[in-house]
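The values are calculated or read from the model by the stated rules, or taken from the named source; none is laboratory data. Treat the numbers as computed from the prediction; the structure is a model and nothing was measured. In this analysis, Cβ positions are derived from the backbone assuming ideal geometry, glycine residues included, and neighbour counts consider all displayed protein chains.
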Amino acid sequence: MIDARWARVTDLGTISGGGSGSGRTWTRPSRARTRTAGSIGAVVCGLDLTAPLPDDVVATVRAALLQWRVVFLRDQHVTPGQQVAFGRAFGDLTPAHPLQGGLDADHPEVLVLDSTDYRLGIGDRGDGTSYNNRWHTDVTFSAQPPMASILAAKQIPERGGDTLWADLVGAYATLSPGVRHLLDPLVAVHDATRTFDRFQDDGRQQVAAMNPVRHPVVRVHPETGERGLFVNPVFTSHIEGLSRLESERILGLLYDHITAPERVVRWRWRPGDVAMWDNRATSHYAAADYDGQRVMHRITVAGDRPVGPDPTP
């Protein structure tokens, strides 16, 4: 597992890859890049997200995002408005969540993830805390899942509460050719009802009104052309055209392969940290190893409908 806490950071204004001792740096998106050990995670240095970013800097950050799937920025104590402005540099933003409103009337795009009061938590619950300790890709139960998510750390527990990301493109690339050939034409159903069925009253009615959607098991990245797996144990219900046993066994194999340590980066949060990830090429997991309160603000950049190797699934 690549631990982004130990990323080698060189000069301000550069981007450094997230592996221990990897030393990956570049200053312009057109600069040639060499892929070394590790495929996910980069630390971006020398940026101030409290001010508008020039177009060339936005392009550099976007290039890093496409290359390393998730980028991290330290010491960015952004307001909700500044976080929204940063996100809009990469595209239109979505409402906070299909099932929950935003921070306030002025910031409908900002989803508050407060571990002590978060009804959308998809993982364990205990001692007044709601966790997100299940691997997932954001909002794949929608026809057009987000292109990217941007998370700002507001309050972090003294110990624990790290987030892990897995590289879905790297996972596909490291499957054997025969398995890739098997997966390429397959289509999976994604459904919110299994995860959010604990909602009561109006929330339950909202969930019931959300129809399952079909996405390719293998997604072709719309910007890079890379193929990546696009299934997750939270929202993927089953693979079409297979028996229940066949679907469960294939999905189980893929989930184990996706989260192999070689393709996972782990980030230890500090207040003021910002992480941005490519939701088309990653899944993530928030570790449930903490007590107390953990508060994050998330925004999502609108995406498009996933397309597979066969464009008409």
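Right, Thr224: hydroxyl-bearing (Ser, Thr, Tyr), farther than 29 Å from Asp106 by Cα, surrounded by fewer than 18 Cβ atoms within 10 Å (Cβ to Cβ) and in contact (Cβ under 8 Å) with a residue 12 or more places away in the chain or not? Yes: the conditions hold for Thr224.
Is it true that some residue in the stretch 136-154 is buried (at least 16 other Cβ atoms within 10 Å of the Cβ), aromatic (Phe, Trp, Tyr) and more than 16 Å from the chain's Cα centre (by Cα)?
Taking every residue of the stretch 136-154 in turn, none turns out to be buried (at least 16 other Cβ atoms within 10 Å of the Cβ), aromatic (Phe, Trp, Tyr) and more than 16 Å from the chain's Cα centre (by Cα).
Taking the conditions (1) within 26 Å of Asp114 (Cβ to Cβ); (2) in contact with a Phe, Trp or Tyr (Cβ under 9 Å, 6 or more places away or on another chain); (3) at pLDDT below 95 in turn, His284 satisfies each one other than (3). Just for the stretch 77-104: of the residues that are within 22 Å of Val43 (Cα to Cα) and under 19 Å from the mean Cα position of the chain (by Cα), which one is surrounded by the fewest Cβ atoms within 10 Å (Cβ to Cβ)? My answer is Arg88.
The set of residues from the stretch 277-298 being under 14 Å from the mean Cα position of the chain (by Cα) and hydroxyl-bearing (Ser, Thr, Tyr) comprises Thr282, Ser283, Tyr285.
Inclusion of Thr259 among residues that are of a type in the set (Val, Ile, Thr), surrounded by fewer than 20 Cβ atoms within 10 Å (Cβ to Cβ) and in contact with a strand residue (DSSP E or B) (Cβ under 6 Å, 6 or more places away or on another chain) is warranted.
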